Structure formats: structure tokens, C-alpha cells
Amino acid sequence: KQWYQRRVPLRPGDNLDNVYAFPLLDDDPNGLPPTFVLALTRDAIRDDGEHYAKWLEYSGVRVKYVEESQANHGFMFLYGTDECALSYLKSLAKFVWQNVEE
């Protein structure tokens, strides 16, 4: 949250206590669905992703944590042209499919 506040221009009415925007602010993750966390080694928020995955796992949420060293923040938007992004999109889809409750 602090990193975000220093780098992203804020507008009047921005809700910096929103757990959907800043999930580490949530007091209790119990009841969350299985979660896929993809962190990028060269990303300024990599540590937040790792911390979030560990916190979820500690709280009993099923987590798949993956760290990628060859991509930059936002690379998933390149899924149409980037093989790495397409590969992770497929991994995410497989994870969701495997964890869907029927």
C-alpha cells in the first residue's frame, strides 16, 4: 500500500482501505477460494505476492505460488504475442478448472 501511494497519483475519493485493491489489509482470509499467486522476480511488488501467498497458506487457504524470473509487471496483457504470458494464462486456467466446485 505504501509503495502504491508513493508511485500512483491518487484522486479524491480513492479508497486505500479496500481489501480488493490491497488484499494484505484483510484481517481474515478464511473462506477465500483457492488462490493462484504469480509473482515476478523483477517486480517491485514481488515481496507482497510472496507474503500474501504465505499468509493465505498459513490461514488455511489452498495456494499455488509461482515465481517467474523472465517477465516484467503487466506481462500477462501480452498473452496474444508472448509465449511466457500464454503459458501462465494456461496454468491459471488449469488451476481454476481444477478448483471449481461442482
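The table for this structure:
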read-out: Rough spin-label spacing in nm, given labels placed 7 Å along Cα→Cβ, for Tyr65 and Leu16; value: 2.7 nm
read-out: Heavy-atom accessible area per residue - the chain, 1.4 Å, Å²; value: 76 Å²
read-out: Solvent-accessible area, 1.4 Å probe, carbon plus sulfur percent, for region 31-87; value: 52 percent
read-out: Given (i) 23.6, 76; (ii) 14.1, 44; (iii) 15.0, 43, the label whose value is Rg and Dmax of the Cα atoms in Å derived from this model; value: (iii)
read-out: Helical mean residue ellipticity (222 nm; -39500 (n - 2.57) per DSSP H run of 4+; nearest 500) of the chain; value: -11000 deg cm²/dmol
read-out: Length-normalised contact order of the chain in % [C-alpha pairs under 8 Å, at least 6 apart]; value: 22 percent
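The values are calculated or read from the model by the stated rules, or taken from the named source; none is laboratory data. Nothing here was measured: the structure is a model prediction, and the numbers come from that model. Counting neighbours? That spans all protein chains shown, and the Cβs are built from the backbone with ideal geometry, glycine included. Surface areas here come from the heavy atoms of the whole protein model, side chains and all, with no ligands, DNA or RNA. Shrake-Rupley method; radii C 1.70, N 1.55, O 1.52, S 1.80 Å.
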